[in-house]
Structure formats: structure tokens, C-alpha cells
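Heads up, the thing below is written out as C-alpha cells.
The values are calculated or read from the model by the stated rules, or taken from the named source; none is laboratory data. What you see is a predicted model; the values in this text were computed from it and never measured. Cβ sites come from the backbone with ideal geometry, for glycine too, and all protein chains shown count toward neighbours.
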Amino acid sequence: MDKIIIEGSRPLNGTVPISGAKNAALPILAATLLAGGVHRLHNIPLLRDIRTAKTLLYHLGATFEEGDPLSVHTDNVDGQEAPYDLVKTMRASVLVLGPLVARFKKARVSLPGGCAIGARPINLHLGGLERLGVNIELKHGYVEASAKRLSGNHIYFDIPTVTGTANLMMAAVLAEGQTILENAAREPEVVELARCLISMGGSIQGAGTSVITIEGVSELRPMDHTIMPDRIEAATYLTAAGITRGSITITPCIPDHIEAVIHKLEQAGMEFQISDDSITGIGNEVIRGIDIKTNPYPGFPTDMQAQIMAMMCLAQGQSIITEKIFENRFMHVSELKRMGADISIEGNTAIVRGRPKLQGAPVMATDLRASASLVLAGLAAEGVTEVSRVYHLDRGYTLLEEKLSAVGARIDRVKE
């Protein structure tokens, strides 16, 4: 198992290239199951989760030609089962459920795993599929789905769900008639998937709003699509500029996608220079404490909560960070406290009292974004920080050490 060693207290300066968005690429890979042929996907990020998704598609019968673009051949897809061994490490594996039942009218998918940050049940996915005419049974840890045909319907989500919206959108695109998804997720990744499905011949309106309307079509064609830049990776590197009092330019990016993060970082004292496809974040010697509540898009993203908390550990004054999406997403707090942070937890709220400095220490990553927060804290801390269990990072950050080294970090990956 690898660990990352960081020598901190160095301002980071330079340009960081932003990779394709993991959370856009995963549903788009699943969408290739909807149509036979050769799909061409550009800017696919080199991540552990992407490898897992490709292994799952290969198990179902897809083949690949590696490179950029990645070619996905789906003519010979004939499997309908996603086994536990492939699904247990990545919750997004459940995204094959909608496409499989839409194309083959049958699917058997293991209940999903992933980061241990909360329950994240898939009951909204399953209830929506039942509304489309799919028979759902839970047997021996698997979802068994079957249907004679899929028929459009009106589906209301009790809470916005990104993967649920994506799964139902992919199922409904081949259903007979009209489907309306109400209280749908508005995230850019949902819009990106809709763009792909439209390019394949689907009829979708309203993606990016809370009401998405899908007119079912009888068949789809292969896609040729470029994955958008990763907004969470982009925001993480901007936060790295702030916590180290440096200056980092990220490109390519879509500034509108991280508007809520930029707004909060400005409150914390950072300055920004923004163009159509790049952002320069400039840290200030004084970091100001801020209050944050995570919310579904376009609110402040839960996937940036841990990284901002690391920065607030060095802020002047007190910060209050409220987690409203996941019930177990403060596991990084105990590790930040090992580095000298002053944080107390009250329910779903973290109270962070800023300190003049953090101290390097051995810490352990517990999930993807918690891992990123510990790296950021290590970049700013005095002395050496050792982050273990960094396989979590490989799920969501492409070439992290190389990108940080290029802007002045002293960071290395070694075998434990």
C-alpha cells in the first residue's frame, strides 16, 4: 500500500492542467451500454474508478481500444449481471442498472459500495424504475430488474439525487412515451449526460433544472463525446493556492461550475482572475474564517467540504461548517486534529477555530475527499506529513503528486 510524504510550508505557484470529470465520465461510460457500436470518448481521466467501470463493462461484453479517444465497442454486450466483486468498491457501478434494463429488459446488479461517508441508499433509483414498469426484487444482496417493456411516467424524487437522476434518465430515454423527472438533480454532470444522450439520438429537455422531460425513442446510436473538466479537481487546486498563500492557474475549466466555491474562497480572502476557460486563484497572507453549508448544486458542494475545512484550520477567527448532504462526512476531523487543528463536532456541524499553523504528522485517509483535505493540510503544515491509505485519492485525482510537484510542492509517493 502506498503513502504520500509531504514537506510543507511552501507556497505553490504555477499552472495545473485539469483532467476530465470523473463524475461525468462514469455515467457516460455506463450510457455506452444503451447502443451497440463504437463509442469514442475524449478526455477520459486516468483514475481507479474509471478502471473499475471499464472492468465492469468488459465483464458485460464490451471491449476497448485504449488512447485518447477511448473507443468502447458495445456490439457484443450480452451480459446483464454486475457482480459484487466489481460493484463493492464503487457506488457508481449502480449506473449500469438503468441502461441494461432499458436495452435488454433485464439486469442483475449488486447493491453498491464506495466511500464510507453515509448510507446513500438507492431506493430512489428503484422506485423510479418501478414507475417505468420495471419489476424489482432484492435477492441475496442483488437488485434483480426485469420488464416486458418500459413506459414513460411522472417520477418525483423525494430528494435530488445525481446518480438516481442519471440512472432514470438513461432508462427513460428508451422507454415508450414521455417521462418527467421532477425534483431532479441539477449538477453539471447531469447536464453533461443529457448532452451525450441527445447526441445519441435521445430527446431530453430541462437538464440543469429541477424538471427534466424525456421523450422515449426506439433506438440510439453510438456517441463521440469529450468529457468536461472536473470541477472538484479544479476547486481543490484553487484551495491549494489559498491554503499555501500561493498563486495557481487552473485550465481548462468551466468557471460557472464552481461559482459557489469561488464565492466562499473570496470571502476567505483569496483573489481571482477568471477567463472563459481558466481561473487564477491568488492566496492572501491572512485567511479569514467563513461559514459554509453544503447543498445540492448550485449550492456549495459536499465534495469540497473537507478541503475547505483544512484551509479554515489556518484562518483567523472561527468557521462553522454544516454538512447537509451526508451524515458521516467528518471522518477527516480526527486526522486534522492530529496536525494541531482545533475542531469540535456538534451533530452535522463542525466548529473550526483557526490556528496560526499546523504541524506535520502521520495521518490516515478515510475517503476520497478526506484524503485531499489531508494533502492540502500537509502542503501548508510545518514539517513532514505522511498520508497513508492514499488509494482513495486515486479514485478521483489524476496524477496528483506530479501536478503538485510542478507548482512547487515537495511531495512524493512511496511504498509503505
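Condition check for residue 26 on (1) surrounded by fewer than 22 Cβ atoms within 10 Å (Cβ to Cβ); (2) touching an Asp or Glu at 6+ places or on another chain (Cβ under 7 Å); (3) outside any strand (DSSP E or B); (4) not charged (D, E, K, R): one failure, at (1). Scanning the range 180-187 finds one or more residues that are over 21 Å from the mean Cα position of the chain (by Cα) and acidic (Asp, Glu).
Scanning the range 84-107 for residues that are surrounded by fewer than 18 Cβ atoms within 10 Å (Cβ to Cβ) and either in a strand (DSSP E or B) or at pLDDT 90 or above (or both) yields a count of 3. Taking each residue of the range 374-387 that is closer than 17 Å to residue 246 by Cβ and assigned by TED's automatic domain parsing to the domain that holds residue 306 and looking for partners that are of a type in the set (A, V, I, L, M, F, W, C) and at pLDDT below 95 with beta-carbon atoms closer than 8 Å, six or more apart or interchain, yields 375/393.
Residues of the range 41-69 that are modelled with pLDDT of 95 or more, surrounded by fewer than 18 Cβ atoms within 10 Å (Cβ to Cβ) and touching a Ser or Thr at 6+ places or on another chain (Cβ under 7 Å): 42, 64, 65. If you go through the range 399-416 and pick out every residue that is touching a residue at least 24 places away in the same chain (Cβ under 8 Å), closer than 15 Å to residue 240 by Cβ and out of contact with any Lys or Arg (no Cβ under 8 Å at 6 or more places or on another chain), you end up with 7.
Evaluate the range 64-78: report whether one residue or more is in a loop (DSSP other than H, G, I, E, B) and closer than 22 Å to residue 144 by Cβ.
Let us first name the residues in the range 64-78 that are in a loop (DSSP other than H, G, I, E, B), namely 66-69, 74-78.
Narrowing further to those that are closer than 22 Å to residue 144 by Cβ: 77-78.
For the range 64-78, residues in a loop (DSSP other than H, G, I, E, B) and closer than 22 Å to residue 144 by Cβ: present.
Report whether or not residue 290 is in a loop (DSSP other than H, G, I, E, B), without any contact (Cβ under 8 Å) to a residue 60 or more places away in the chain and either out of contact with any helix residue (DSSP H, G or I) (no Cβ under 6 Å at 6 or more places or on another chain) or assigned by TED's automatic domain parsing to the domain that holds residue 270 (or both).
Values: in a loop (DSSP other than H, G, I, E, B): yes; without any contact (Cβ under 8 Å) to a residue 60 or more places away in the chain: yes; either out of contact with any helix residue (DSSP H, G or I) (no Cβ under 6 Å at 6 or more places or on another chain) or assigned by TED's automatic domain parsing to the domain that holds residue 270 (or both): yes.
For residue 290, the condition - in a loop (DSSP other than H, G, I, E, B), without any contact (Cβ under 8 Å) to a residue 60 or more places away in the chain and either out of contact with any helix residue (DSSP H, G or I) (no Cβ under 6 Å at 6 or more places or on another chain) or assigned by TED's automatic domain parsing to the domain that holds residue 270 (or both) - is met.
Per the listing 386, 335, the residue uniquely in a helix (DSSP H, G or I) and at pLDDT 95 or above is 335. Among the residues making up the range 352-378, those that are in contact with a helix residue (DSSP H, G or I) (Cβ under 7 Å, 6 or more places away or on another chain) and of a type in the set (S, T, N, Q) are 371, 373.
The number of residues in the range 65-102 that are within 20 Å of residue 197 (Cα to Cα) and not polar (S, T, N, Q) comes to 16. Here the range 153-182 is the region considered, the condition is being within 24 Å of residue 298 (Cα to Cα) and of a type in the set (Asp, Glu), and the residue that is surrounded by the fewest Cβ atoms within 10 Å (Cβ to Cβ) is 158. Taking the range 340-355 as the range and being assigned to a strand (DSSP E or B) and either small (Gly, Ala, Ser) or more than 15 Å from residue 317 (Cβ to Cβ) (or both) as the test, the residues that pass are 344, 345, 346, 349, 350. The numbered conditions (1) of a type outside the set (Lys, Arg); (2) within 23 Å of residue 247 (Cβ to Cβ); (3) buried (at least 16 other Cβ atoms within 10 Å of the Cβ) are all true for residue 302 except (2). Can you tell me how many residues within the range 349-375 are more than 18 Å from residue 4 (Cβ to Cβ) and either at pLDDT below 95 or of a type in the set (Phe, Trp, Tyr) (or both)? Residues in the range 349-375 being more than 18 Å from residue 4 (Cβ to Cβ) and either at pLDDT below 95 or of a type in the set (Phe, Trp, Tyr) (or both): 0 in total. In the range 313-326, the qualifying residues are those that are surrounded by fewer than 18 Cβ atoms within 10 Å (Cβ to Cβ) and polar (S, T, N, Q), and the one that is farthest from the chain's Cα centre (by Cα) is 316. As a summary of the residue check, residue 110 satisfies the conditions (1) surrounded by fewer than 24 Cβ atoms within 10 Å (Cβ to Cβ); (2) among the hydroxyl-bearing types (Ser, Thr, Tyr); (3) modelled with pLDDT of 95 or more except for the one numbered (3). A single member of 338, 329 is under 29 Å from residue 286 (Cβ atoms), crowded, with 19+ Cβ neighbours inside 10 Å, in contact (Cβ under 8 Å) with a residue 24 or more places away in the chain and not assigned by TED's automatic domain parsing to the domain that holds residue 43, and it is 329. Of all the criteria given as (1) surrounded by 18 or more Cβ atoms within 10 Å (Cβ to Cβ); (2) at pLDDT below 95; (3) assigned to a helix (DSSP H, G or I), the one not satisfied by residue 378 is (2).
The residue pairs whose first member lies in the range 219-248 and is more than 30 Å from residue 174 (Cα to Cα), whose second member is crowded, with 24+ Cβ neighbours inside 10 Å and aromatic (Phe, Trp, Tyr), and whose beta carbons are closer than 7 Å, counting only pairs six or more residues apart or on different chains, are 233/397; 248/237.
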